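Reading through the structure tokens given below for one structure.
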Amino acid sequence: MTAPALPHATGGVAAIILAGGRASRLGGADKPQLVVDGETLLDHALRAVSWCDPLIAVGPPASVRAEVVWTRETPAFGGPVAAIAAGLAHVDREEVCVLAADTPRAVEAVALLRAHPTGDADGTCLADADGVQWLIGRYRTATLRRAVEALPDGGRDASIRSLVSGLRLDLVNAGDLAADVDTWDDLERARARAAQAAQAAQAAQVRGRTDQEAT
């Protein structure tokens with residue numbers, strides 16, 4: 001059987017948003033649809049990569065605020081590597097951003113990633129106190145595709161570590177920007193941080209108006 005032709009790389013950057021998964025530590029909740037700071041986690045992710053084209057979301061289709069190509073790993077719940085493989089089937093760009101849809105500060109995280117071009121490496125990922133965050137990364141498409149093809153079963157149930165183990169990656173210290181939502185406690189912390197940030201921004205606006213009125 002002849003393998004399907006791969007998309008021809010045309011330059012630029014695509015994005016793969018991982019929006020599936022079982023969310024077992026959240027009791028099976030639809031994690032990408034959880035709301036932080038007035039937006040779903042999925043919409044935060046899509047806004048973070050709005051500069052990419054195309055935007056490919058791997059997971060069950062949902063209502064979003066962007067034009068998205070939806071796809072799904074086969075079978076479903078095959079893990080993040082299988083999801084990346086499914087997304088790569090739609091990528092025709094030289095580079096691809098990979099982003100999990102569980103990052104409340106995705107916009108800031110991806111902006112930091114974007115500020116550090118890949119250079120001669122195979123990709124760039126954020127890192128924090130918990131380690132390397134491979135699911136907030138920008139990769140050379142051809143290299144990532146070869147890494148997927150080297151794994152058995154299309155990457156089904158494979159670890160992200162096994163996917164990237166042979167890649168040369170530049171790491172960028174993200175502080176707490178890469179914090180994700182895996183538990184209800186994580187969600188409450190994210191919402192509290194967003195509320196505090198909104199209050200601080202509102203207070204700064206009030207101070208600014210007061211200073212203008214005083215001059």
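The values are calculated or read from the model by the stated rules, or taken from the named source; none is laboratory data. Predicted model only: the values in this text are computed from it and were never measured. All Cβ positions, even for glycine, are placed from backbone atoms using ideal geometry, and neighbour counts span all protein chains on display. Protein only, heavy atoms only, side chains kept; ligands, DNA and RNA dropped before computing areas. Shrake-Rupley method; radii C 1.70, N 1.55, O 1.52, S 1.80 Å.
Key figures for this structure:
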quantity	calculated
Residue within segment 30-41 that is of a type in the set (S, T, N, Q) and under 22 Å from T183 (Cα atoms) present	yes
First in segment 111-130 and under 17 Å from V164 (Cβ atoms), second anywhere and charged (D, E, K, R) and part of a loop (DSSP other than H, G, I, E, B), Cβ under 7 Å, 6 or more apart	A121/R168; D122/R168; D128/D176
Qualifying positions in segment 154-188 - touching a residue at least 24 places away in the same chain (Cβ under 8 Å), assigned to a helix (DSSP H, G or I) and open to solvent by 100 Å² or more (accessible area, probe 1.4 Å)	R161, W184
Check on G119, at pLDDT below 95, surrounded by fewer than 19 Cβ atoms within 10 Å (Cβ to Cβ), closer than 29 Å to A198 by Cβ and not basic (K, R)	no
Verdict on R191 being over 24 Å from W51 (Cα atoms) and either modelled with pLDDT of 95 or more or open to solvent by 10 Å² or more (accessible area, probe 1.4 Å) (or both)	yes
Considering residues of segment 56-108 that are part of a loop (DSSP other than H, G, I, E, B) and β-branched (V, I, T) only, the residue most open to solvent (accessible area, probe 1.4 Å)	T74
Matching option when the condition is open to solvent by 50 Å² or more (accessible area, probe 1.4 Å), hydrophobic (A, V, I, L, M, F, W, C) and modelled with pLDDT under 95, among A129, A111	A129
Residue that is most open to solvent (accessible area, probe 1.4 Å), among those in segment 132-153 that are of a type in the set (S, T, Y) and in a helix (DSSP H, G or I)	T143
Counted residues, segment 16-55 - those being part of a helix (DSSP H, G or I), in contact (Cβ under 8 Å) with a residue 60 or more places away in the chain and open to solvent by less than 20 Å² (accessible area, probe 1.4 Å)	6
